[in-house]
Amino acid sequence: MDYERSERSAGSLTLPTAIKILVAGGFGVGKTTLVGTVSETRPLRTEEILTESGVGIDDLSGVEGKTTTTVAMDFGRITISDDLVLYLFGTPGQDRFWFVWDELALGALGAVVLADTRRLADCFPSIDYFEGRGTPFVVAVNCFEGSRQYRLDEVQAALNLDPDVPVMLCDARQRQSGKDVLITLLEHAMKARDARRSG
C-alpha cells in the first residue's frame with residue numbers, strides 16, 4: 001500500500017495527504033520514545049520484556065537499564081497541517097527482527113535514523129538499508145544525559161554520510177524537538193524527489 005497519496009475530495013469532504021515515515025536506528029536508541037512523544041494519538045507499541053533468552057544476542061552495552069524491546073513496530077500519527085498527516089512506523093532495532101523491515105518500508109517517503117553517540121556504529125545497518133533502497137533519510141542524534149557531545153560535522157564524518165544528508169541534534173522526549181526532526185526530513189525528501197524529477 002502506498003501511503004503517499006494526493007489530496008482527494010469525496011463530496012464536501014477533503015481528505016489530507018497521508019505520508020508514511022519510518023523511525024529507525026539501533027537497539028535502545030529512543031525510537032519508541034520518539035514515536036510516542038510526537039504522536040497525537042495513543043501510539044501502538046509491540047514491546048516485550050527482555051528475557052534471559054536474549055542474553056548473548058542483545059547487546060545492552062550503554063543501555064544496561066533497558067528492560068523492554070520492540071518486536072514488530074511502533075505506530076503513531078501526527079497532523080502537520082489541515083492537508084498533511086504523517087504516519088510514523090518505528091522499526092525494531094535488533095538484527096533478529098529485520099525480516100519486518102521490507103514490509104514496513106513499502107511506500108515510505110523517508111526515514112529518521114536515530115543515533116546514540118555512545119553506540120554510533122549501531123546506525124550503520126539502518127543507513128546502509130536506506131541508502132541501498134534510495135530512501136531519503138536524516139540522522140537525528142538523540143542527546144542522552146551524560147553522553148559525550150560531538151559536533152554535527154564529526155558525526156557526519158564518522159558515519160561516512162553524503163554531504164546532503166541532514167544531521168541534527170534532538171531530544172526524543174521533547175515533542176517540539178521530534179517535530180523539528182520530522183519537518184527536516186520532509187524538506188529533505190521533497191528536495192530529493194524534485195532532484196530526481198529534474199534529473
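We did not get these values from a lab; they are worked out from the coordinates using the rules stated. What you are looking at is a predicted structure, and each value in this text was computed from that prediction instead of being measured. Don't worry about glycine lacking a Cβ; one is built from the backbone with ideal geometry, like all the others, and counts go over all protein chains shown.
Things to note:
- Amide N proximity, segment 26-40 versus residue 176 label position 7 Å along Cα-to-Cβ, cut-off under 17 Å: 37-39
- Ranked by the mean number of other Cβ atoms within 10 Å per residue, highest first, peptides 143-154, 113-124 order as 113-124, 143-154.
- Our coupling estimate for segment 183-188, obtained by passing each phi through the Karplus curve with A = 6.51, B = -1.76, C = 1.60 and θ = phi - 60°, is 5, 4, 4, 4, 4, 5 Hz, Gly and Pro reported as x.
- Within segment 71-199, percent of DSSP bridges classed antiparallel, to nearest 5: 45
- Summing +1 for each Lys or Arg and -1 for each Asp or Glu among the other residues whose beta-carbon sits under 12 angstrom from that of residue 113 gives -3.
- Extension gain (nm, one decimal) between residue 82 and residue 148, 0.36 nm per residue minus Cα-Cα: 19.8 nm
- Phi angles across segment 145-155 convert, under the Karplus curve 6.51 cos²θ - 1.76 cosθ + 1.60 with θ = phi - 60°, into 3J(HN,Hα) values of 4, x, 7, 5, 8, 10, 5, 4, 5, 5, 5 Hz, Gly and Pro given as x.
- Within the shell of other residues whose beta carbon sits under 14 angstrom from the beta carbon of residue 131, the net charge comes to -2, with Lys and Arg scored +1 and Asp and Glu -1.
- Karplus-derived 3J(HN,Hα) values for segment 122-132, using 6.51 cos²θ - 1.76 cosθ + 1.60 with θ = phi - 60°, are 5, 6, 4, x, 5, 4, 4, 4, 6, 4, x Hz; glycine and proline are entered as x.
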